[in-house]
Amino acid sequence: MGPCPRRPPVRFKSLSCAVKPGSKFPEAPTNNKRPAGEEEEDTMTPSGHDASRPAAPRGDRDRYAALAFCWADLLLNLDANGAIQFAAGPFKAFLGRGSAALAGTPVATLFEEDDAEVIGRCLNQALSHGRIDGERVHLIRPKGLPLPMEVAAYGLDGQIYMALKRRPATPPQAAEKETHDERSGLLTPEAFGEMAGRRARSLAEAGRDVGVTWLDLKGFEALRERMTEADANGLMRSVGDSLRAAAVDSEGATQISESRYGLLHDKGLDIAALEERLRTLASRHDPEGRGIDVESASVDLDQTGALSEEDLVRGLVYAMNHLQEQNGAGASLRDLPSNLTELVAKATDQVNDFRRMVAERKFFVALQPIIGTTSGIIHHYEALVRFDPAAPDASPFRLITFAEETGLIHEFDLAMAYKVIEWLAEHGNETEGAHIAVNVSGYSIGVDSYVQGLFEMLQAHPWTRGRLLFEITESSRMTDLKGANQFIQALRAMRYQVCLDDFGAGAASFQYLSALDVDVVKIDGSAVRNAMNGTKGKAFLSALTELCRRLSVRTIAEMIDSPQSLQFVRACGCDYVQGFLFGRPSPTLKTFSPLPGAELFPKQERRRPVEAFTPFFPSS
């Protein structure tokens, strides 16, 4: 967030609120007196102030205090050195000591040692930039585990006003899970690219000089193997906290891979000190004391003001894709351009190359079957893209991710739909009535040109009705669920069935299932693996399939690569399966005749793919 408008200083001296029976809101205090015998726990007055003397006019002060407590549990007023001058809130319940006992205490001592950098950064940025929020720290308690807290701070006239709110112990919301790494808490590369481009632009317009630095923690993966899982997760959290503390704000850092990271920071950041901090963290957690080495490379953002936000995003995405591709290949961070203009130029070249490849359709379709869990009959095939005929197993992940993050995925999705229709038309003899699912990114659904182009294509090829299915991927990118459902229902009305991919990977899956009327959901492979490895996994997956059945939605379990996983999802009630157990994606259907893994199904149920297809729900 940018600097807030300057406001008069808020001085909290005491706060006493009463709640009427049956009322949800506290009454405004009518005086400054405490009931007899009530212990002074909730407020602390600045040194030298007579707490018994009635305060000066207090309307605005109390109003500000009440508004602050709408968000916060604890309030602090600090001097420029971070020493507590005033405190309000139930500190005795949180810390075991009342507010008055905190006078003069350095605020950093209230939190875990690993949070020291975060607190220091909050104070510095509040004084220099006015406001900071969204930081996460851990309040030390006399008994029990530290309490996770969210902190916001505001600097004014050499004073710092800090608010602390307890973070719920419930699992993170789906949106946070999908945009943050669960262990480090840092943004995913996809989320960081979009955020950093927008943030760098706004900060440059505000006159604040920023830069981007990439970090390679050499030896980090080997270090993790020497640690217990709990210790490794603790190290990841500490690394994340250190990077957030060094970044422009709490959302200013990303984890690109297991050992590579990036952050958007003020240009004056001491990178050498940050490197040393990360080395110290690693050595402290390493059971053998060997530690790691840290390499960094910075990108000059001086030209930010002359570039569009779209160009900034493309440049950063290009850099992160390059770092992911070269991870573990011995490449140095210093191979990256250090100049933003050069980064953008390289990204633009990659965008143009991708667009040219899409326009000339220099990619091909590879198919993978979806099979009845108990029958072994092929229901349909999923069309997967491949870019290199010489390496049909090569993953297209990097190129597809680049297309998504640079806003090109809708162009590719449309070209892929045409490619599949073209494939069906050209392989009439081979397909013998085969049915194929085409992927659609959740992002594309919100792009008018894609929607219009797709329906025009389908209307021009009415023979594809009942032959094509559409599988919605990256559902987290759907920002308008009502509009997405209208798109889905328009497809279904034309006799094109719709599948929702990545189901079960996040809490939002159930929100999507409630808001979107689809024919089938594909249970994410990670959800299947977690269910197989967890003590309650079978019960969870069985309940999920039963819920779908009650909603008249069929289920596909993906990444079924072993007889054990097939047996597991079959016992959990999944309707269909997909995975390498039944063959790798192939440009020809002959690969699946006979079907690999057919011996895992009853002989009497084995049939040719042409005889297998029936709609998920014939009446739809």
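The values are calculated or read from the model by the stated rules, or taken from the named source; none is laboratory data. This one's a predicted model, so the numbers in the text were calculated from it and none came from an experiment. No Cβ is skipped: glycine too gets one built from the backbone with ideal geometry, and neighbour counts run over all protein chains shown. Side chains included, ligands, DNA and RNA excluded: accessible areas come from the protein's heavy atoms. Shrake-Rupley method; radii C 1.70, N 1.55, O 1.52, S 1.80 Å.
Within segment 401-412, can one find any residue that is among the hydroxyl-bearing types (S, T, Y), out of contact with any strand residue (DSSP E or B) (no Cβ under 7 Å at 6 or more places or on another chain) and under 26 Å from L316 (Cα atoms)?
yes
Counting only residues that are acidic (D, E) and open to solvent by 10 Å² or more (accessible area, probe 1.4 Å), give me the helices (runs of 4 or more DSSP H) lying completely in segment 366-473 with at least 1 of them.
397-405, 409-426, 428-431, 448-460
Residue-by-condition table, conditions (1) of a type outside the set (A, V, I, L, M, F, W, C); (2) at pLDDT 80 or above; (3) open to solvent by 50 Å² or more (accessible area, probe 1.4 Å):
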| position | (1), (2), (3) |
| --- | --- |
| A152 | no, yes, no |
| P168 | yes, no, yes |
| E176 | yes, no, yes |
| A206 | no, no, yes |
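Going by the conditions given, is G211 among the small types (G, A, S), assigned to a strand (DSSP E or B) and open to solvent by less than 10 Å² (accessible area, probe 1.4 Å)?
Answer is yes for this residue.
Checking the condition in the same structural domain as G372 (by the TED database), farther than 20 Å from M416 by Cβ, open to solvent by less than 70 Å² (accessible area, probe 1.4 Å) and under 20 Å from the mean Cα position of the chain (by Cα), which residue from G525, G483 passes?
G525
Here are some residues: R237, R279. Which one is modelled with pLDDT of 85 or more, basic (K, R), open to solvent by 10 Å² or more (accessible area, probe 1.4 Å) and within 19 Å of E112 (Cβ to Cβ)?
It is R237.
Is it the case that some residue within segment 76-90 is over 31 Å from the mean Cα position of the chain (by Cα), in a helix (DSSP H, G or I), touching a residue at least 40 places away in the same chain (Cβ under 8 Å) and in the same structural domain as L139 (by the TED database)?
Checking segment 76-90: not a single residue is over 31 Å from the mean Cα position of the chain (by Cα), in a helix (DSSP H, G or I), touching a residue at least 40 places away in the same chain (Cβ under 8 Å) and in the same structural domain as L139 (by the TED database).
Evaluate segment 524-546: report whether one residue or more is touching a residue at least 60 places away in the same chain (Cβ under 8 Å) and within 19 Å of H380 (Cβ to Cβ).
Among the residues of segment 524-546, not one is touching a residue at least 60 places away in the same chain (Cβ under 8 Å) and within 19 Å of H380 (Cβ to Cβ), which makes the answer no.
Does segment 483-531 hold any residues that are at negative phi, among the charged types (D, E, K, R) and touching a Lys or Arg at 6+ places or on another chain (Cβ under 6 Å), and which are they?
D501
Only one of S509, S565 is polar (S, T, N, Q), free of Cβ contacts under 8 Å to residues at least 40 places away in the same chain and open to solvent by less than 30 Å² (accessible area, probe 1.4 Å); which?
S565
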